[in-house]
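Novice: Input: one structure, supplied below.
Bear in mind these aren't lab numbers, they're just calculated from the coordinates by the rules spelled out. Here the structure is a predicted model, which means the values were calculated and not measured. With ideal geometry, Cβ positions are generated from the backbone for all residues, glycine too; neighbour counts draw on all protein chains shown.
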């Protein structure tokens with residue numbers, strides 16, 4: 001088993017199935033796409049193990065606490081890792097994490113976006129360590145997100161040549 | 001005539017003139033910029049054939065229906081293709097579409113961003129086919145967009161070496 | 001002294017210290033990160049010379065005028081240049097500016113995002129000139145930003161090989 005997959009198991013974490021969008025929703029794009037050493041990652045949200053949208057939905061600061069938002073960001077990270085694993089074969093092929101754009105469905109007056117997106121960043125640092133897992137990041141407040149998900153994250157990773 | 005330009009004509013679509021910003025607006029940046037094989041695309045909105053901002057303006061889910069938002073996203077795609085054509089000479093130079101970031105000016109409680117940005121994605125897939133047109137994407141809800149446009153899209157394409 | 005640092009001095013501008021986040025805030029990511037010739041830039045906000053968050057905080061169009069937003073975008077540019085200088089040694093290593101994503105903490109109905117983010121673009125054009133300083137850009141309206149900062153900007157630059 002690849003090293004990152006072993007660490008996930010040691011942390012008691014598992015990767016969800018591919019997203020099952022709500023009925024009638026058409027998503028005509030790739031969840032991840034490789035261009036040479038770059039792998040671009042579409043916006044992902046938090047999923048249940050079977051790929052359905054994880055609850056609770058809604059705005060952080062109103063429908064979700066910061067702790068629930070943190071967990072949603074971690075689940076979003078697992079959904080991204082699952083898409084990367086499906087596209088790449090195993091997660092050890094990732095040489096370094098690069099750009100992460102963390103979007104929080106924000107209640108009016110909610111300003112703790114970094115504390116929410118830390119649920120993603122900490123997961124990646126736990127799995128890849130500081131050298132490979134280190135990334136650049138924005139964590140910002142959106143007016144609305146699709147399906148009313150609380151967190152959406154897109155980004156990029158680099159593969160070993 | 002280049003192949004993509006032929007397909008546009010077959011689909012009955014034409015590319016708008018360069019944006020004519022509202023009076024007094026200064027836009028001190030490049031609409032597209034080439035760096036080796038990468039071409040970065042600034043945020044574009046929906047335009048009329050003469051480059052003026054297309055109507056209706058406003059928020060999808062309040063001032064525009066989903067169908068009107070879809071059409072605005074398609075028009076935004078045509079504006080992006082027009083900028084790419086001006087910069088590159090012809091649109092056949094594009095080897096693959098990559099990152100697309102689709103922003104929807106969202107009414108409170110509006111969550112159908114994917115259905116809106118599909119107006120862009122479908123245009124690109126119709127023109128470039130599944131292999132070259134396939135892209136990664138986020139489709140998210142903004143609080144406001146410049147000039148109250150309903151849709152803004154930025155992204156990146158790769159050229160043949 | 002490097003050329004860009006000289007121009008900053010001639011313009012009467014100086015670079016702030018690294019951000020001092022509010023107490024209890026953990027920011028587990030890199031402010032900038034180099035990958036070959038690409039340097040990715042995390043989301044930055046406007047800072048005082050000592051690295052504390054610059055006042056006024058809040059929404060442009062309600063708590064800040066467009067002129068105050070413009071100044072906040074300029075200060076955000078100085079914070080980005082400071083992070084780049086710390087990572088790269090000197091600012092002359094930058095061959096060209098590329099993608100700039102300008103986020104404005106927007107009051108409802110505020111649509112002058114380009115005029116705000118021009119505070120950043122003009123700074124970069126003044127320092128690097130039109131050839132190197134030219135960039136692609138989006139300037140859009142966010143529902144909320146971390147710590148209630150009025151402007152946040154992320155992006156990318158390319159270094160000389």
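Novice: Stokes-Einstein diffusion coefficient for chain A at 4 °C in a medium of 1.567 mPa s, Rh from the Kirkwood formula over Cα pairs: what value in µm²/s? Don't jump to the answer; show the numbers that get you there.
Specialist: Values: Rh = 15.7 Å.
D, rounded to a whole number, is 83 µm²/s.
Novice: Would you give the gap between the C-alpha center of the range B:108-161 and the C-alpha center of the range A:109-160, rounded to a whole Å?
Specialist: 21 Å
Novice: Shifting gears a bit: How much FRET efficiency would the formula 1/(1 + (r/R0)^6) give for residue C:55 and residue B:34, where r is the Cβ-Cβ distance and R0 is 35 Å, rounded to 0.05? Before the final figure, lay out each step's value.
Specialist: On the way: r = 40 Å, r/R0 = 1.14.
Once rounded, the FRET efficiency stands at 0.30.
Novice: Please order A:131, C:90 by the number of other Cβ within 10 Å, starting at the fewest. Mind dumping the intermediate values first?
Specialist: Values: A:131 8, C:90 13.
If I rank by nearby Cβ atoms, fewest first, I get A:131, C:90.
Novice: Please check: in the Gaussian network model of chain A (C-alpha springs, under 10 Å), which one of A:143, A:82, A:54 has the largest mean-square fluctuation.
Specialist: Greatest mean-square fluctuation among the candidates belongs to A:143.
Novice: Then there's this: Taking the Cα centroid of the range A:9-61 and of the range B:1-40, what is the distance between the two, rounded to the nearest whole Å?
Specialist: So the separation of the two Cα centres works out to 32 Å.
Novice: Using the alpha carbons of the protein assembly as shown, what is the convex hull volume per residue in cubic angstrom, as a whole number?
Specialist: Details: hull volume 66.3 nm³, N = 483.
Enclosed volume per residue, from the Cα hull, is 137 Å³.
Novice: Same structure, new question: By how many nm would the segment from residue A:20 to residue A:107 grow when fully extended, if each residue of separation counts as 0.36 nm and the alpha-carbon distance is taken off? It would help to have the intermediate numbers written out before the result.
Specialist: Working: separation 87, 0.36 × 87 = 31.32 nm, distance 2.62 nm.
Length difference between fully extended and current span is 28.7 nm.
Novice: Neighbouring Cβ atoms within 10 Å as the yardstick, rank B:14, B:83, C:121 fewest first.
Specialist: Numbers: B:14 11, B:83 22, C:121 26.
Placing the least packed residue first, the sequence is B:14, B:83, C:121.
Novice: Another question, if that's okay. State the antiparallel share, in %, of DSSP beta bridges confined to the range A:36-159, rounding to the nearest 5. Walk me through the intermediate numbers first.
Specialist: Working: 14 of 23 bridges.
So the antiparallel bridges amount to about 60 percent of the total.
Novice: Over the range A:36-159, what is the relative contact order in percent, taking alpha-carbon pairs closer than 8 angstrom and at least six residues apart? The partial results should precede the final answer.
Specialist: Working: 248 pairs, mean separation 52.7, N = 124.
It comes to 42 percent, rounded to a whole number.
Novice: Something else: What does the helix-only formula give at 222 nm for chain A: each DSSP H stretch with n ≥ 4 adding -39500 (n - 2.57), the total divided by the residues, and the result rounded to the nearest 500 deg cm²/dmol? All intermediate terms of the calculation are to be shown ahead of the outcome.
Specialist: Values: 3 runs with 52 residues, N = 161.
Theoretical 222 nm ellipticity from helices: -11000 deg cm²/dmol.
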